[in-house]
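The values are calculated or read from the model by the stated rules, or taken from the named source; none is laboratory data. Predicted model, so just to flag it, every value in this text is computed and none were measured. No Cβ is skipped: glycine too gets one built from the backbone with ideal geometry, and neighbour counts run over all protein chains shown.
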Amino acid sequence: MRVFLHIEPHQLSPQVWAYLGGGGNSLVVVHKTEAFVADLKWGDEALRLKRTVEEGLDKKVQRVLLTHSHPDHWDGLIDYPDAGAVLAHPRTHERITAALKKQRRPDVYGWIHVTSEVRLVLGEEEVWIRHLGVGHTDGDLAAFLPGLNLVMTGDLFSTGFEPTVDEAAGGRLLGLRRALDAMLGYEFEAVLPGYGQMGKRADVVAVRDYLAAMEAALREAAGRGLSEDAAVDAGEAALKSFPRLEVLPLQKDRRGNLRAMYRELTPPAQTDTSGAP
């Protein structure tokens, strides 16, 4: 799949570039002699991105944003041991620190936690970094550039792809719908997604509406006492007007997401082991 293979540059303004592919999509904002990079890709493509910024653009990376804890977005951190600041949600930091320890890689970074909002002024551009709640993981951050009417979503949204969450990292489909609602509460028209091509606000609206319709159908099915399999079938029927989206490698398709959301809506009853009468 080409979104994972080649880096495709897009200059969005004199100061701002988007680099699609090579892992998660990346954002670069340059000012004076410095650069801010959001999501660093991984492996050889991460090193290629660094060379593009530091040699091609002749800028020194001083600030890094990591939108969440999946390695195709942060593994390139190894190439920036002297970055001045690494911005991340605390739970993202915790997971990356654990991964670095497991890989016996030193954690030499100046971490800055973002739990609500941090605003950066980078030359003529401002970057507003926000935590929108539980979504793809429980530590996602999005970056808004008001001067370009742009949002970088991380994996909260990917253009043309079925929504994805990582339950092991705290992600929830119900939370993702709410996170997209929160995102849409801010002004933007252009979208730099986690994967895929540049998108528009209407693309985010469409995915939010898709998840909302999924939730409504499954709540109705659960209210009727339908089994999981029957609820998934009912959800499929209710979503027939929504186009089929491409599935990212190793991620759930529509039926898989219906099943996962049904389980979020109908968690098993916990057994009382306290011994109380």
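List of remarks:
- Taking the criterion of being in contact with a Phe, Trp or Tyr (Cβ under 7 Å, 6 or more places away or on another chain) and either at positive phi or not in a helix (DSSP H, G or I) (or both), the residues of the range 25-58 that qualify are ASN25, SER26, VAL28, VAL29, LEU40.
- Strands (runs of 3 or more DSSP E) lying entirely in the range 59-127 (those with 3 or more residues that are within 22 Å of ASN149 (Cα to Cα) and in contact (Cβ under 8 Å) with a residue 12 or more places away in the chain): 60-65, 117-122
- Restricting the range 18-28 to residues that are closer than 19 Å to LEU145 by Cβ and free of Cβ contacts under 8 Å to residues at least 40 places away in the same chain, the residue that is surrounded by the most Cβ atoms within 10 Å (Cβ to Cβ) is SER26.
- Whether a residue is surrounded by 19 or more Cβ atoms within 10 Å (Cβ to Cβ) and either under 30 Å from PRO9 (Cβ atoms) or modelled with pLDDT of 95 or more (or both) was assessed, and MET261 passes this test.
- Residue in the range 109-127 that is within 30 Å of THR266 (Cβ to Cβ) and in contact with a Leu (Cβ under 6 Å, 6 or more places away or on another chain) present: no
- Applying a threshold of 6 Å to beta carbon distances and a minimum spacing of six or more residues, or different chains, the list of pairs starting in the range 29-55 at a residue that is over 20 Å from LEU145 (Cβ atoms) and in contact (Cβ under 8 Å) with a residue 60 or more places away in the chain and ending at one that is assigned to a loop (DSSP other than H, G, I, E, B) and aliphatic (A, V, I, L, M) is empty.
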